[in-house]
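For reference, the structure is listed below as structure tokens.
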Amino acid sequence: MRATGLHADVVVVNSRVWQTSCTLVRSGEEAFCIDSPVYPDELELLPAVAGQAGFTVVGLLATHADWDHVLGRYAFPEAPLGCGESSAARLAGEPGDAARELRGFDEEHYVERPGPLSLPPPQALPVPGVCEVGARELALHPANGHTPDGMAIWIDWAGILVCGDYISPLEIPMISDGGSVSAYLATLDRLEPLVEGAAWVVPGHGAPVEAVRAAALLREDRAYLEALRDRGPEAPLPLARRTATQKQIHAENAARVTS
Ligand SMILES: [Zn+2]
């Protein structure tokens, strides 16, 4: 697990698997934990990482409801979870799915946890909207298309955009169940001005990216999605994202758009 201090009030941790990002953001005496690392030892270490930085985590946020982003309660069992209305609806509509998928991952990789995932009903946050932390506000923007739900979180005073599973240096755009190319493209259009005004972008998977590189990744993602929409399986992958795993994601994307 790698921890990166991006600002006096923002620390980002990346999991060893899929480099899933977890962002700790503070204002005064309060801090939130956005998304989560995946492995049990990483989750166990997270309170110490927060404590060393002087962050008191009082709440959890999730950019979207995919299971690998909602594990924060293993680290902060008392903290309530907030997420966008669309994610709250998704969690309510598929009860037990996140816990079941986590169990599937753990069984496949022989991972042992202290217990099953407990996910009480989250607090549904209006998006677009704001969420107060300490004396500051986080701005919440809709970010769907990868999945049917999702929000991006703009940390105004730090110039940092936590965008969920978009603009990743590692992963091509992934159209999951309930996601769509048109919604994904609309999300990229909404995120673009935020990226241009940011110092850093924190993607759902991969280390934090400086704004200029993030803007380039966003343009690559848009070009890929437009080609996927128009040419299906023939769409070329972004040059630096052509591993076997990315080709597999592309094949699944193409099957979805042509079906
Ligand atoms: Zn993800």
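The values are calculated or read from the model by the stated rules, or taken from the named source; none is laboratory data. As the structure is a prediction and not an experimental result, all values here were calculated from the model. Heads up, the Cβs are rebuilt from the backbone with ideal geometry, glycines too, and the neighbour counts pull from every protein chain shown. Side chains included, ligands, DNA and RNA excluded: accessible areas come from the protein's heavy atoms. Shrake-Rupley method; radii C 1.70, N 1.55, O 1.52, S 1.80 Å.
Students sometimes get this wrong: rank 109, 7 by accessible area, probe 1.4 Å, all chains present, largest first.
Of 109, 7, the descending order of accessible area is 109, 7.
Given a 1.4 Å probe and the protein chains all in place, what does the accessible area of residue 108 round to, in Å² to the nearest 10?
About 130 Å², ignoring ligands and nucleic acids.
What does the net charge come to around residue 77 if you take all other residues with beta carbon closer than 15 Å to its beta carbon, with K and R at +1 and D and E at -1?
0
What is the sum of charges, Lys and Arg at +1 and Asp and Glu at -1, for the other residues whose Cβ falls under 12 Å from the Cβ of residue 133?
Around residue 133, the surrounding residues sum to -4.
Rolling a 1.4 angstrom probe over the protein chains, ignoring ligands and nucleic acids, what is the accessible area of residue 97 in square angstrom, nearest 10?
40
As a check on your grasp of the helix formula, calculate [θ] at 222 nm for the chain: sum -39500 (n - 2.57) over DSSP H runs of n ≥ 4, divide by the residue count, round to the nearest 500.
Taking each H run of at least 4 residues, the total per residue is -11000 deg cm²/dmol.
If I build a Gaussian network model for the chain, linking alpha-carbon pairs within less than 10 angstrom, which residue out of 74, 110, 224 has the largest mean-square fluctuation?
Between 74, 110, 224, it is 110 that shows the largest mean-square fluctuation.
Spin-label point model (7 Å from Cα, Cβ direction): what's the residue 182 to residue 245 distance in nm?
Placing both labels 7 Å along Cα→Cβ, they lie 3.2 nm apart.
Please compute the net charge surrounding residue 171, taking Lys and Arg as +1 and Asp and Glu as -1 over other residues with Cβ under 13 Å from its Cβ. Working shown, then result.
Values: positive: 241, 242, 247; negative: 66, 68, 165, 220, 221, 252.
Around residue 171, the surrounding residues sum to -3.
Which sequence of 38, 257 reflects their accessible areas, 1.4 Å probe, from the largest down?
From most accessible down to least: 257, 38.
Tell me, what HN-Hα J-couplings in whole Hz come from the Karplus equation 6.51 cos²θ - 1.76 cosθ + 1.60 at θ = phi - 60° for each residue of the range 27-35, using x for Gly and Pro?
9, x, 8, 10, 9, 10, 10, 9, 6
I want the antiparallel fraction of DSSP beta bridges within the chain, as a percent rounded to 5.
Numbers: 30 of 44 bridges.
Antiparallel bridges make up about 70 percent of those DSSP assigns within the chain.
Normalised by the residues of the range 105-244, what does the relative contact order come to in percent, with Cα pairs under 8 Å and at least six apart? If you can, show how the numbers build up before the last one.
Working: 212 pairs, mean separation 25.3, N = 140.
Relative contact order of the range 105-244: 18 percent.
Just to check I understand the Karplus step: with θ = phi - 60° and J = 6.51 cos²θ - 1.76 cosθ + 1.60, what whole-Hz values come out for the range 145-161, glycine and proline as x?
x, 4, 10, x, 10, x, 9, 9, 10, 9, 9, 4, 6, 9, x, 10, 10
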